[in-house]
Protein chains: 2
Amino acid sequence: MDSPTTRRRTRTAGGARRAGKGTAAPTAPYATRRIPYFEVLDDAGLSLIEENADTILEEIGIDFRDDEEALQIWRDAGADVEGERVRMPRGLCRRLIQDSAPRQFTQHARNPARNVEIGGPNTVYVPAYGCPFVHDIDRGRRYGTLEDFQNFVKLAYLSPSLHHSGGTICEPVDLPVNKRHFDMIYSHMKYSDKCFMGSVTHPDRAEDTVEMAKILFGERWVDPDTGKPRTCVINLINANSPMTFDDTMLGAAKVYARANQACIVTPFILAGAMSPVTVAGTAAQTLAEAMAGMAFIQLVNPGAPVVLGSFASSMSMQSGAPTFGTPEPALVLYVMANLARRLGVPFRSGGSFTASKLPDAQAASESANTLLPTTLGGVNFALHSAGWLEGGLAMGYEKFIMDADQTGMMQTLLKGVDLSENGQAMDAIREVGPGKHFLGCTHTQANFKDAFYLSPITDNNSFEQWDADGRLDMAQRANARWKKLLAEYEAPPLDPAIDEALLDYMATRKAAFPDSNI
Amino acid sequence: MDSPTTRRRTRTAGGARRAGKGTAAPTAPYATRRIPYFEVLDDAGLSLIEENADTILEEIGIDFRDDEEALQIWRDAGADVEGERVRMPRGLCRRLIQDSAPRQFTQHARNPARNVEIGGPNTVYVPAYGCPFVHDIDRGRRYGTLEDFQNFVKLAYLSPSLHHSGGTICEPVDLPVNKRHFDMIYSHMKYSDKCFMGSVTHPDRAEDTVEMAKILFGERWVDPDTGKPRTCVINLINANSPMTFDDTMLGAAKVYARANQACIVTPFILAGAMSPVTVAGTAAQTLAEAMAGMAFIQLVNPGAPVVLGSFASSMSMQSGAPTFGTPEPALVLYVMANLARRLGVPFRSGGSFTASKLPDAQAASESANTLLPTTLGGVNFALHSAGWLEGGLAMGYEKFIMDADQTGMMQTLLKGVDLSENGQAMDAIREVGPGKHFLGCTHTQANFKDAFYLSPITDNNSFEQWDADGRLDMAQRANARWKKLLAEYEAPPLDPAIDEALLDYMATRKAAFPDSNI
């Protein structure tokens, strides 16, 4: 752990307020916990689930679809391959992972001050991913565009409590499917200097991501000490649960792994549909699938960074719809975080989930019931931390602002209790004594400014003041804030030669094949 | 722990839905945790705060105001009394508490099936307390009336996830201050059969509470085994922080303690005003004040049930207004819960706090950020779990419904992970296999109904269905629900002779002195 004191000083209410000035505040690049993990199972319970995961891998196996190379890789590693079904001897996947996968790694940003450490005691809060729609309270719900995408890149850049620019924040539906990855990657590179995620919807798009990253990072791309590429892109490789990987995801994973870029292997599970309806069953299956994917990547390129991902929702017994912010997925998260620590790999899960269509009380409570477990359980890469609405179908402007406030609170929580002399404050208690108040005492004066997290969007005023201010609710205050932030936004400087090279690359590649919506 | 399996079976989504039928569902009378506590400090940190609390008691002392009897009690116990300032030798308070205060006790309800166990691994979720105003989205904010009070008693009775009727849920401002306690106590007794809280605003009102409880409980009032009164009332004794108890609270505490009724001793702290601005300072002061109050009660009547209470808010550095749902009070809660377990007394804190004036996203996120720590930290008596708005100034109808949904979720969370064969669900994974879905498999069919917490007020439908349903937000759905519950409410039967005796007592007492608003 590098000196957290220095880094943490800026992560205060003051820091949060300084973010409103058009450029990103000089904030902590990621959070480092000083509080314990919350764990719900003991060693015996965790071992049972690990045993079950190995039984799934050994007896039932995992399908690797439409990828003969993947099957040959598994045969060579000693797995039992029958058709597309791969059965791994007990312990094989764990051993492959533990032999070569890093416990923690650095994702490099174009601004080195914004590099993030993924794994260990660190948490990186990341915007939501993959929403076809966007929502704000003025215009309601509509398909996302490139302008929306860029707006969210800018908002993430300006949010001191978000450490990452994310990936497919919303789908720019105004661009052809087979070329929109260029503009998304370029937008992350141009409008933010934080880390970003690459395209995974086709191996060629993964290659484009890598090529553009090479242009962006220039001579920083290769680490002179190792001669290997630095990890500059992180990517979301989802399993087709149950127990299946398809050629699209495998293809992208191979591209990124061979370039030493990071892959998050996430079984995407609506429990009851893609896994059993129980927490322990969902956890065992998630562990099996994720281990299979991560072990495969270690076989492709030993040492390539991998992250164990878990996405699990519950389900409405009335309609079959996925439900969020419920207790069962929180329990899955706590269990999986623990299993990832035992395996020795970084963990991705959680965020700010909701099924609500609005930035209302449902959205807020469901998100809090996901984000607190994300924080307490020890998620390292907290994708979907800001903006999620409607089960991930919509990216909300007001929701984004509300969530970014919550991720700020989480980082104060992670600091834990200050037990220094100043933290103990015995001098203050001695100075004030019974029946007096602390408002003016020396200790309060010295500590007041940074003592408490201050939200930029909650209203703590009297009823009368709130009435005089127009009786706004949280969503209305968040609406004013995202507009202010976007109005004040200034892009971080980008070397014009690099910018031009990126634009040239995109122009050449876009001209090389026709538009398509597949 | 008595058999939690039986009690828990009814605490499901099904149970929640059955609550809408006019009478309280046959639900679990309280929650019993099967997950660990979340703790943020280690032994050394906790010992440091305990040492500081003893230093406060020994060096600075606590004022016991306008109560010569209290000062004499302290002199007799070996404390150093100087004017109204009482300084306790190190360890005295802890020893007095540990010598006689119960670690856990039963509060008896008029329906014995609704008795609650306070302390140990149990959590009792209780409505909010003390609000002068009420709020609903139809009529906005207004002063509370007896009708509102009774409405909330009825709603708490009908909420399977609330275990207690509470106390001064809202102030019935339409009644004179010096007589409204009669109607509040009677309303709890008449319109609910759950446990309730007594009046503490004057020793005479505490006496009235005890007398009415004797009438209600009849021959159940005295435990034949011990010859002592059963604990049928629990009461909120607040310290006047910093480090002061006043004669009103001391007077009520003595009445209840001598009748073997339970006292929650709560330093009420807006940190920065009534305590230092730091977590460790607030915790040390809270522990000192609470120990002084609980030790005093043990001196008054050794063995009388006491609960260590902690109420701490943060503060806006802009306005000085208290703020809620922030990380610092959550850290205080985790620390205080741990200190109470080390002391060996039940713990009261948390709830569903918010500064918001509306049942909006602010209310929901601030409440979730309080209620989850309440649950994970191990609060035994979770006062203020439902209804709180506006920093406790208003009791919200929609907020009550939203919060009662959240306390239901908390109880699913407390059950933890089912590691039985059925919970592991390996048969389901074997039956389904790669690439299929679990919706129709044997295990899903057998477990689907009770697998996931189902909220009665969240909307998980498609956007199109939600649109067709009128695009309601959470507050609007909660509005429909409280109206439906009140429309269907049926009072639990009360022996007419007891009812008459209660009414006679009230009539006689009310006639004995003139109305007053003091």
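The values are calculated or read from the model by the stated rules, or taken from the named source; none is laboratory data. If you're wondering where the values come from, they're calculated on a predicted model, not measured in any experiment. Quick reminder, even Gly has a Cβ in these numbers, built from the backbone with ideal geometry, and neighbours come from all protein chains shown. Keep in mind that these areas ignore ligands, DNA and RNA; they rest on the heavy atoms of the full protein, side chains included. Shrake-Rupley method; radii C 1.70, N 1.55, O 1.52, S 1.80 Å.
Observations
- Cβ-defined net charge surrounding residue B:355, 10 Å radius [Lys, Arg +1; Asp, Glu -1]: -2
- Accessible-area order (highest first, 1.4 angstrom probe) of the listed residues B:278, B:354: B:278, B:354
- Candidates per trypsin sites (Lys or Arg not before Pro) in region A:131-179, loop by DSSP, up to 11 other Cβ within 10 Å: A:139
- Across region A:322-337, coupling constants 3J(HN,Hα) worked out from phi with the 6.51/-1.76/1.60 Karplus curve, θ = phi - 60°, read x, 10, 10, x, 8, x, 5, x, 5, 5, 4, 4, 4, 5, 5, 4 Hz, and Gly and Pro carry x.
- Euclidean distance between Cα centres, region B:362-425 to region A:226-293, Å: 33
- In the assembled protein chains, residue A:431 presents an accessible area of approximately 100 Å² (probe radius 1.4 Å).
- Each Lys and Arg contributes +1 and each Asp and Glu -1, all at the Cβ; summed about the Cα centre of region A:78-204, the dipole is approximately 340 debye.
- Ranking by accessible area, most exposed first, for B:108, A:181, B:202, A:437 with a 1.4 Å probe: A:437, B:202, B:108, A:181
- Label distances, nm, residue A:228 versus same residue in remaining copies, Cβ-directed 7 Å point: 6.8
- Other protein chain C-beta atoms within 10 Å of residue C-beta, averaged over B:473-480: 4.
- Residues with amide H under 5 Å from that of residue A:264, placed H, sequence gap 5 or more: A:235, A:236, A:237, A:307
- Helical runs assigned H by DSSP (4 residues or longer) give chain A a calculated mean residue ellipticity at 222 nm of -13500 deg cm²/dmol, each run adding -39500 (n - 2.57) before division by the residue total.
- Probe 1.4 Å - accessible area at residue B:505, Å² to nearest ten: 40
- A label point on residue A:435, set 7 Å along the Cα-to-Cβ line, lies at 8.2 nm from each of its counterparts in the other copies, closest listed first.
- For region B:228-370, the solvent-accessible area of protein heavy atoms averages 15 Å² per residue (probe radius 1.4 Å; ligands and nucleic acids excluded).
- Residue among A:241, A:393, A:454 farthest towards the positive dipole end of chain A, charges placed on Cβ: A:454
- Shielding by partners, peptide B:239-250 (average Cβ within 10 angstrom, other chains): 2
- Proximal lysines to residue B:254, defined as alpha-carbon separation beneath 18 angstrom and excluding residues fewer than eight positions away on the same chain: B:214, B:228
- Kirkwood-based shape ratio for chain A, expressed as Rg/Rh from alpha carbons: 0.98
- Here residue A:221 and residue A:430 are evaluated by their C-beta separation; at R0 = 51 Å the FRET efficiency comes out at 0.30.
- The Rg/Rh ratio for the protein assembly as shown is 0.99, where Rg is the radius of gyration of the alpha carbons and Rh is the Kirkwood radius.
- Across region A:173-189, computed HN-Hα scalar couplings (Karplus, 6.51 cos²θ - 1.76 cosθ + 1.60, θ = phi - 60°) run 5, 6, 10, x, 4, 7, 10, 5, 4, 4, 6, 5, 4, 4, 4, 4, 6 Hz from first to last residue, x flagging Gly and Pro.
- D_trans [Stokes-Einstein, Kirkwood Rh over alpha-carbon pairs] for region B:254-332, 4 °C, 1.567 mPa s, µm² s⁻¹: 96
- For region B:324-368, residues shielded by at least 30 square angstrom of accessible area compared with the chain on its own, probe 1.4 Å: B:327, B:328, B:331, B:357, B:358, B:360, B:361, B:362, B:364, B:365, B:368
- Solvent exposure, largest accessible area first (probe 1.4 Å, DNA, RNA and ligands not counted), of B:84, A:117: B:84, A:117
- Interface burial in region A:410-452, defined as at least 50 Å² less accessible area with all protein chains than with the chain alone at a 1.4 Å probe, covers A:413, A:417, A:419, A:424, A:426, A:429, A:430, A:434, A:438, A:448, A:452.
- Between the amide H of residue B:385 and those of B:126, B:128, B:352, distances stay under 5 Å, these residues lying 5 or more places away or on another chain, with hydrogens modeled in the peptide plane.
- Calculated FRET value between residue B:68 and residue B:43, using beta carbons and R₀ = 41 Å, to 0.05: 0.50
- Shown in residue order for region B:204-215 are the 3J(HN,Hα) couplings computed by the Karplus curve 6.51 cos²θ - 1.76 cosθ + 1.60 at θ = phi - 60°: 5, 6, 5, 4, 4, 4, 4, 4, 5, 5, 4, 5 Hz (x for Gly and Pro).
- Virtual spin-label span in nm between residue B:82 and residue B:147, 7 Å along Cα→Cβ: 5.7
- Separation of alpha-carbon centers, region B:435-453 and region A:128-203, rounded to whole Å: 35
- Quarter of Cα convex hull surface for region A:445-518, i.e. mean projection, nm²: 11.1
- Label-to-label distance, nm, for residues given as residue B:201 and residue A:139 (7 Å Cα→Cβ offset): 5.3
- Ascending distances from the residue B:75 label point to its copies in the other chains, with the point 7 Å along the Cα-to-beta-carbon line: 9.7 nm.
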